[in-house]
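The values are calculated or read from the model by the stated rules, or taken from the named source; none is laboratory data. On a predicted model such as this, the values are computed, not experimentally measured, just so you know. Using ideal geometry, Cβ is built from the backbone for each residue, glycine included, and neighbour counts are taken over all protein chains shown. Only protein heavy atoms, including side chains, enter the accessible area calculation; ligands, DNA and RNA are left aside. Shrake-Rupley method; radii C 1.70, N 1.55, O 1.52, S 1.80 Å.
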Amino acid sequence: GSGLPDARLREAAGLILLAMSSCSSASSSYLISNGAVSTSLTIASEPGMLNAASTVRGKWASKGLCFLEAATTLLIQAWTTSTEQESDSGSPASPSLNLLLEALNSGAVGLASRLVKTKVTLKSHDLAYSQLRVKIAICFLLSSMFGIANKSHDNNDVGASRLYSAIDADCAQFLASGGNDTGVRTDLVGATLNLLNATLPYAHQFTKEDADEPLPMVDLSEACLLAAGSMCGLADPIGVHPTVQSNDDVDEGKYSHLRLDACTMACDVLTATKPGQGALLPSVLVGAIGESLIVPTLRLSLAICHYGNIDLCAELSQS
């Protein structure tokens with residue numbers, strides 16, 4: 001059972017891993033060089049780890065959340081530091097690219113695909129909170145994975161090639177297992193943009209909740225926006241001056257059609273109007289839903305304008 005001392009001890013070790021992953025660059029480098037990303041993702045992927053309540057942290061977290069968050073933290077650090085360090089190095093394989101490949105080999109795409117699509121049980125506050133924390137970690141993980149992959153055009157697109165192959169394989173497996181009753185092929189990118197569409201318009205309602213600890217819908221919207229910006233083609237995280245590829249590269253890119261698909265879906269989310277309301281984009285940009293969403297939304301809009309087409313730019317500007 002989850003209350004056994006060894007299960008509690010293992011989770012406590014996971015919490016220490018999580019603390020070390022964000023403690024210092026020396027501690028995170030040590031963890032990375034000892035395979036902490038693959039270990040953490042493998043443990044988080046075990047049956048029940050992300051839906052059974054933690055006996056250490058409480059019902060608001062699942063047993064495996066600390067392992068998922070540790071892997072996410074290490075990948076985000078690799079992504080943000082690599083942008084500063086690797087921009088001018090022509091090394092054959094960067095540390096961040098190696099970490100992306102390690103995450104892919106550990107089944108990150110299958111895990112993310114399953115968790116992004118999981119329905120949230122809103123009638124139970126603790127369970128919903130726990131499920132949302134998992135989705136937040138997954139979306140931050142995806143923002144860094146796609147960001148690193150988008151940078152791998154310096155390395156013959158090896159990161160993007162492996163990432164999109166894993167997404168195709170996951171989608172094929174999902175269809176083969178009879179997991180799709182809608183007949184619509186929803187891969188990981190489509191599922192993440194569906195999640196953004198289900199979260200962003202309603203995020204502000206949850207900030208007014210009476211609960212002591214409102215559901216973190218605004219945090220999930222922020223994580224989804226960052227993931228969407230990376231899925232649309234941006235290689236750089238927030239806080240780094242974006243180095244978008246020239247339009248020649250965009251048109252000729254092997255994955256440009258996949259980025260255009262992501263841009264089209266993201267644009268639909270941002271420009272959607274509800275009866276009696278205006279488009280979502282202006283509300284988000286003035287901070288009506290939450291100030292933390294302004295910069296991630298600007299980043300996504302930049303991605304859509306750069307990697308989308310002229311029609312998408314027009315749609316954004318008209319909203």
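Restricting attention to segment 295-307, the residues that are open to solvent by 20 Å² or more (accessible area, probe 1.4 Å) and touching a Cys at 6+ places or on another chain (Cβ under 7 Å) total 1. Being closer than 27 Å to D236 by Cβ and of a type in the set (K, R) is true of R162. Residues in segment 125-170 that are open to solvent by less than 50 Å² (accessible area, probe 1.4 Å) and modelled with pLDDT under 90: K151, S152, N155, D157. Selection over segment 286-300 of residues that are of a type in the set (A, V, I, L, M, F, W, C) and outside any helix (DSSP H, G or I) gives a count of 3.
Listed by position, the helices (runs of 4 or more DSSP H) contained in segment 5-53 that have at least 3 residues being over 19 Å from the mean Cα position of the chain (by Cα) and more than 21 Å from E102 (Cα to Cα) are 5-21. Identify, please: which residue in segment 53-110 is within 20 Å of V240 (Cα to Cα) and among the charged types (D, E, K, R) and is, among those, modelled with the highest pLDDT? Only one residue fits best here, namely E84.
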